[in-house]
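For reference, the structure is listed below as structure tokens.
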Amino acid sequence: MNFSIIKKTTIMLFATAVLSSCTEQYIYQNQDFEDAMTVEATLTNELKYQEINIARTRLLNDTIKIPESGANVTVVVSDGTTFRFDEKDGKYVSADEFKVEPNKNYQLKITTKSGKSYVSSPQVLTTPNTIDLETVVAEKDGVQGIQVNVLSFDPTNTSKYYRYEYEETYKIITPHPIDTRITVVQQNGHYNYVKVPVQENIQVCYTTKHSTGIRQTTTTDLTEDRVKYPIRFINATDYMLTNRYSIMVSQYTQSQAAYDYYFTSKKMVDSGELLSPNQPGYVVGNIKSTSDLHEKVVGYFEVASVAKKRIFFSFKDFFPSEKPTEYFTTCNARLYLFSEIEKTNYYLFKTHDYIGDGPGLTPSGFYMVEKECGDCTSFSSNVIPSFWEN
């Protein structure tokens, strides 16, 4: 579950505690509010180090999640197996790789450093499934682009509830290759410009982005458990399609209870009606405090089967006779005189890259472009992803 959704749900919890049907402005007092435990946990049938995020939200206007440090976190299985989770980089990661197995109950148990205890209801693995991805030229809101659809079918008709996440990666090629950099050295009280060859690749990079928010669908109103879900639409003019694009979609088969929790959480966040007298403010999950029965816990412990699919494509695969977007920003080279460069205390060399000398046998300046037009490592990574296919 995306943590921003949990945080917003938590904010609504506190808002409900302090707001009535009165619409006059309310002066918020920070010290009057309790804090709440937030839990983000989805265990799957994929063999990996499973992760659990546990944090605490303290104030209505607090924009930073506060990790719950020093907790004892375990997942107990009905066959007697216990998986320990260790704190690492602000989250809890299983000490060993494992995957959730069918026909077993899994229960999350948390004991905080202060001695508070929390437990989830037992959860069982949902029906394993498979997915495929379909790409078609489509139009959305009058704009042409590529529509990526998830295709899935469960012949047993027992899945019915689905949640989706995706990560997308695209190739970047800067319009100005940079093979030389300028450094400034001081010699005998004078500053000199020294040209230094660039040793690494800074023209080709790969950027990865992750989906946010909650995406769900259900087949309960259909005669068969068949899914065709529009997971991603990309405008044809989007630079992501220019060179090479990849998307990996994860489909989580949910229980009805998990689906209802996520659905209601999304509905609350999307409504934005914090001041409504009918605002529920708090969605009850499946985690409770065993130390204080009145304490509210935000989040859900989910056990779900996951199916993943990755595909690659580019602009020319769908629009072979058309020209793609050249770059995501305008890149115009400009001549910067030495006097201009010196006025910035040579700071221009941090924001711009050298592409050539100015005119004349004794140039009075350098032609330069902004960093993002020549050095893609200034905003992305030049490491080729292990999954990448050209």
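Give me the residue from region 176-190 that is free of Cβ contacts under 8 Å to residues at least 24 places away in the same chain and closer than 20 Å to Phe338 by Cβ and, out of that set, most open to solvent (accessible area, probe 1.4 Å). The selected residue is Asn188. Selection of first residues in region 365-390 that are in contact (Cβ under 8 Å) with a residue 12 or more places away in the chain and in a helix (DSSP H, G or I) and of second residues that are open to solvent by 30 Å² or more (accessible area, probe 1.4 Å) and aromatic (Phe, Trp, Tyr), restricted to Cβ pairs under 6 Å at least 6 apart or on distinct chains, gives the following pairs, ordered by first then second residue: Glu372/Phe379. Please specify each residue of region 64-95 satisfying the condition of being modelled with pLDDT of 95 or more, farther than 16 Å from Tyr118 by Cβ and outside any strand (DSSP E or B). Answer for region 64-95, where residues must be modelled with pLDDT of 95 or more, farther than 16 Å from Tyr118 by Cβ and outside any strand (DSSP E or B): Ser78, Asp79, Gly80, Thr81, Ala95.
Put simply, of Lys88, Lys140 the only residue that is without any contact (Cβ under 8 Å) to a residue 24 or more places away in the chain, open to solvent by 30 Å² or more (accessible area, probe 1.4 Å) and basic (Lys, Arg) is Lys88. In summary, Asp357 fulfils each of the numbered conditions (1) open to solvent by less than 50 Å² (accessible area, probe 1.4 Å); (2) touching a Pro at 6+ places or on another chain (Cβ under 6 Å) with the single exception of condition (1). Residues that are touching a strand residue (DSSP E or B) at 6+ places or on another chain (Cβ under 8 Å) and under 30 Å from Thr290 (Cβ atoms) number at least 3 in the following strands (runs of 3 or more DSSP E) confined to region 96-215: 105-111, 117-120.
Looking at region 165-175, can you tell me whether even one residue there is crowded, with 16+ Cβ neighbours inside 10 Å and under 23 Å from Ala257 (Cα atoms)? Yes. For region 148-162, indicate whether the set of residues that are open to solvent by 40 Å² or more (accessible area, probe 1.4 Å), under 28 Å from Phe312 (Cα atoms) and small (Gly, Ala, Ser) is non-empty. The answer is no, given that none of the residues of region 148-162 is open to solvent by 40 Å² or more (accessible area, probe 1.4 Å), under 28 Å from Phe312 (Cα atoms) and small (Gly, Ala, Ser).
I need the full set of residues from region 281-305 which are assigned to a loop (DSSP other than H, G, I, E, B), under 18 Å from Thr57 (Cα atoms) and of a type in the set (A, V, I, L, M), in order please. Val283, Val284 - these are the residues of region 281-305 that are assigned to a loop (DSSP other than H, G, I, E, B), under 18 Å from Thr57 (Cα atoms) and of a type in the set (A, V, I, L, M).
The values are calculated or read from the model by the stated rules, or taken from the named source; none is laboratory data. Being a predicted model, the structure only gives us computed values, none of them experimental. Please note: Cβ atoms are built from the backbone with ideal geometry, for glycine as well, and neighbour counts cover all protein chains shown. The area values use the complete protein model at the heavy-atom level, side chains included, leaving out ligands, DNA and RNA. Shrake-Rupley method; radii C 1.70, N 1.55, O 1.52, S 1.80 Å.
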